[in-house]
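Comments concern the structure below.
The values are calculated or read from the model by the stated rules, or taken from the named source; none is laboratory data. Computed from a prediction, not measured in an experiment: that's the story for all the values here. Quick reminder, even Gly has a Cβ in these numbers, built from the backbone with ideal geometry, and neighbours come from all protein chains shown. Areas reflect the complete protein model, heavy atoms only, side chains present, ligands, DNA and RNA absent. Shrake-Rupley method; radii C 1.70, N 1.55, O 1.52, S 1.80 Å.
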Protein chains: 2
Amino acid sequence: MTTKQIEESVEFSPRFDENGLIPVIAQDVKTGQVLMVAYMNKEALDSTIKTGYATYFSRSRKKLWKKGEQSGHFQKVEKILVDCDQDCLVLKVTVDAGQCHAGYDSCFYRALKKKSDKQLEFIAEKTYDPEKAYKK
Amino acid sequence: MTTKQIEESVEFSPRFDENGLIPVIAQDVKTGQVLMVAYMNKEALDSTIKTGYATYFSRSRKKLWKKGEQSGHFQKVEKILVDCDQDCLVLKVTVDAGQCHAGYDSCFYRALKKKSDKQLEFIAEKTYDPEKAYKK
């Protein structure tokens, strides 16, 4: 397919990278907050579509992980968006608990301070205790 | 730094991948809409911080591109967020025109149809004419 065809097509043909992965943004369908970014391989994407719950591919552990399988903090997928060149996805998700393993609603809990290129500031507070959620 | 240090630190230490790139999500600061995803190398990030306007690294053209340099559709950066493990950024941006080169406000103008794993549907309409914006 040409670039123009990919951009104007109604055929879903996600483009996985040289490692077989596609970046995926999970966005809270209600608030619009970007919750996290992770990767899917084809199997993870198929599982996500089939089950209606987000499943990713862990690059560090090199295996599928259904988001929430350990913490209980699942992502119910309401809609899957794809970008113009079909090499990135947005999942609009419904969540009922914090999504970052560090205890925050979103992984993006820090921002660069104004007029600094080095200093971060926290822009969110922890909403759950990861030590309790991630029980051994 | 340990993982925990990276997660709890107020030191901005973005982690570029093996190609020297970090994925960046541009999000409309007013509407929360995810506009596009692109990549930055260190030089692009430095330029973005310094100028206050988003500059990316084009993987296809292998060079820096200030978003809007051709179309006039710039991204004024209001805030730069970083995720827990500092390998992804969110730019909260102010825009005054469509951000997708295909003529849409956002690159994510299509979604997978309910109960389909193949069929997309358009969820947005074009808001500008790319042929006019990208004049030769």
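I need the inter-copy label distances for A:Pro130: point set 7 Å along Cα to C-beta, values in nm with one decimal, smallest first.
3.9
Which lysines have a Cα less than 23 Å from the Cα of A:Lys132, not counting those fewer than 8 places away in the same chain?
Counting by Cα, and skipping residues close in sequence, A:Lys132 has these lysines nearby: A:Lys66, A:Lys67, A:Lys76, B:Lys4.
Multiply the residue separation of A:Phe122 and A:Leu64 by 0.36 nm, subtract the distance between their alpha-carbon atoms, and state the gained length in nm to one decimal.
Residue separation times 0.36 nm, minus the Cα-Cα distance, leaves 17.8 nm.
At what distance in angstrom do the alpha carbon centres of region A:12-87 and region B:1-63 lie from each other?
If you average the Cα positions of each part, the centres end up 20 Å apart.
Excluding ligands, DNA and RNA, what is the accessible area buried between chains B and A, summed over both sides, using a 1.4 Å probe, to the nearest 100 Å²?
So the buried area, both faces added, is about 3800 Å².
Quick check: at a probe of 1.4 Å, how many percent of the accessible area of region B:24-136 sits on carbon and sulfur atoms?
About 50 percent, which is the carbon plus sulfur part of the accessible surface.
Looking at the square roots a ≥ b ≥ c of the eigenvalues of the Cα gyration tensor of region A:61-131, which shape do they give, rounded for a/c under 1.5, prolate if a/b is larger than b/c, or oblate?
Oblate.
Okay, helix-only estimate at 222 nm for the protein assembly as shown: each DSSP H run of n ≥ 4 adds -39500 (n - 2.57), divide by all residues, round to 500 deg cm²/dmol; what do you get?
-3500 deg cm²/dmol
If you draw the axis that swings chain A onto chain B, which residue of A has its Cβ closest to it, and how far is that in whole Å?
In chain A, the Cβ lying nearest the symmetry axis toward B is A:Gly32, 1.
Where the label is 7 Å out from Cα toward Cβ, how close does B:Asp46 come to the same position in every other copy, in nm, shortest first?
Here the equivalent label points are 4.5 nm apart from this one.
Taking only protein heavy atoms into account and a 1.4 Å probe, give the accessible area per residue of chain A in Å².
Computed with neighbouring chains in place, this is 53 Å² per residue.
Mind listing the label-point distances from B:Ile6 to the same position on all other copies, shortest first, one decimal in nm, points 7 Å along Cα→Cβ?
2.8
So for each of A:36-43, A:109-116 I average, over its residues, the number of other beta carbons within 10 Å; can you give me the resulting order with the highest mean first?
Order by mean packing, descending: A:36-43, A:109-116.
Only Cα pairs under 8 Å and at least 6 apart count here; give the relative contact order of chain B as a rounded whole percent.
22
Is the protein assembly as shown best put as rounded, prolate or oblate by its Cα gyration tensor, with a ≥ b ≥ c the root eigenvalues, rounded for a/c under 1.5, and otherwise prolate when a/b is larger than b/c, oblate when not?
oblate
Using 7 Å Cα-to-Cβ label points, what is the B:Lys4/B:Lys114 separation (nm, one decimal)?
Rounded to a tenth, the inter-label distance reads 4.7 nm.
A:Leu91: net charge of surrounding residues, Cβ under 11 Å, Lys/Arg +1, Asp/Glu -1, itself excluded?
Local charge sum for A:Leu91: +2.
May I ask you to find the residues of region A:72-92 that are shielded by at least 40 Å² of accessible area once the whole protein assembly is considered instead of their isolated chain (probe 1.4 Å)?
Residues of region A:72-92 that lose at least 40 Å² of accessible area once the other chains are added: A:Lys79, A:Ile80, A:Leu81, A:Val82, A:Asp83, A:Cys84.
Add +1 for every Lys or Arg and -1 for every Asp or Glu among the other residues with Cβ under 9 Å from the Cβ of A:Arg15, and state the total.
-3
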